[in-house]
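Let me begin by presenting the structure, written as structure tokens, before commenting on it.
The values are calculated or read from the model by the stated rules, or taken from the named source; none is laboratory data. No experiment lies behind these values; they were computed from the predicted model shown. Here the Cβ positions follow ideal geometry from the backbone for every residue, glycine too, while neighbour counts run over all protein chains shown. Heavy atoms of the whole protein, side chains included, go into the accessibility calculation; ligands, DNA and RNA do not. Shrake-Rupley method; radii C 1.70, N 1.55, O 1.52, S 1.80 Å.
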Amino acid sequence: MALSENAAETVLVIWEDDSGTRLWAAPEERLSAGQILDQNEWASLIKPLSTRALEWYFECNFIGYETLREVAEINPRRRGGVPVLKGTRFTISQALAELADSSGVNEVAQHFDIDANALKEMLEGLSLVLMQPLRK
Amino acid sequence: MKCFQLDQCSNHSGFAERCNRQALCMIKRLPDRLKDRDDDIVLTDLLSKDAPIVTMDFTIVYDNPAYISPDNPGIIVIKARPNSAKKMEAIIAKFKSKFSDWNSTDWSNIYMEIEETEVYVSRLIDGNIDSGKPIAFDGDDFPSRLRLVIAEMRRERPMLSGSC
């Protein structure tokens, strides 16, 4: 078993077991890309969840990251590299704060003249990224 | 009338309208031509004008020292937590209540951070803003202490007019 090449970025792992089944799973501990684990080590790092649950979690996680990649970006020349809505200077952090302080997406979009769909996709992406068990 | 310029993060239409309705200053929203542009372009443009920039981007100077012109209208950073326009407006309202000279003060070449309980004031002639002074809101002498600090900084370097 080995972490995928993008593991450091995505925290996704490919597991090939005896039957050849490939599972996506996230370790409970941060691992290095390319790190090789034997089955016992690997088993000690993941939560005891069913295959179907793991697949669901990581499918959602993967889609969440892909959604965020579509709608957010990090550009050192904009807001010093704080993550912003793609193509804007409006930070994800502020978008969340504004949403908490408003009646919703449309109000924030209107007041700051930004794309409401971008805000919705950002929330969907974050929702999916956070839909997985995390260590206490 | 004193003008203040909003950055994109502080560019809330309702905030600008409420301020302008008070008619104690003029709030300029970020021009469309600067919307979503890189930091250096926005800073170079806005710092060439007369209106102090009001922003929540608390690393704007640290991130762009090369674009801080030696004669500038000043930068006022609102350190809101969370960083929403509503919180920013509340902090600004508190500052205005504590410092009635806010709209007659010359903020040129001044960098000021406003927090819940204090301000931090420094000269702004380059990217170095670490030699400033914090001044707490508490105490009746807050306005005089702030005026004194700004006057000291002004003696070190003449300022711009800063009017509309």
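List of remarks:
- Computed over protein heavy atoms with a 1.4 Å probe, the carbon and sulfur contribution to the accessible area of region B:35-163 reaches 51%.
- Fully extended contour minus Cα-Cα distance, from residue A:107 to residue A:52, at 0.36 nm per residue: 15.9 nm
- Based on Cα contacts under 8 Å between residues 6+ apart, chain B shows a relative contact order of 23 percent.
- Size of the B/A contact, given as accessible area buried on both chains, probe 1.4 Å, in Å²: 1900 Å²
- Using a probe of 1.4 angstrom and keeping all protein chains present, the accessible surface of region B:13-62 works out to 46 square angstrom per residue.
- Calculated [θ] (222 nm, deg cm²/dmol) that DSSP helices of n ≥ 4 give over chain B, each run adding -39,500 (n - 2.57): -9000 deg cm²/dmol
- Normalising by residue count, chain B has a Cα convex hull of 102 Å³ per residue.
- Per-pair calculated FRET efficiency, R0 = 25 Å: residue B:86 and residue B:138 via Cβ, rounded to 0.05: 0.55
- Amide H contacts for residue B:124 (H built 1.01 Å from N in the peptide plane; partners 5 or more residues away or on another chain; cut-off under 5 Å): B:110, B:111.
- Spin-label pair residue B:154/residue B:71, simplified geometry with 7 Å Cα→Cβ offset, distance in nm: 1.7 nm
- Nitroxide proxy distance, nm - points 7 Å out along Cα→Cβ at residue B:62 and residue B:104: 3.6 nm
- Here the 3J(HN,Hα) profile of region A:62-72, calculated from phi with Karplus coefficients 6.51, -1.76 and 1.60 at θ = phi - 60°, is 4, 5, x, 5, 5, 4, 5, 5, 6, 10, 10 Hz, Gly and Pro shown as x.
- Qualifying lysines (Cα of each under 29 Å from Cα of residue B:94; at least 8 residues distant if same chain): B:2, B:28, B:35, B:49, B:79, B:86, B:133
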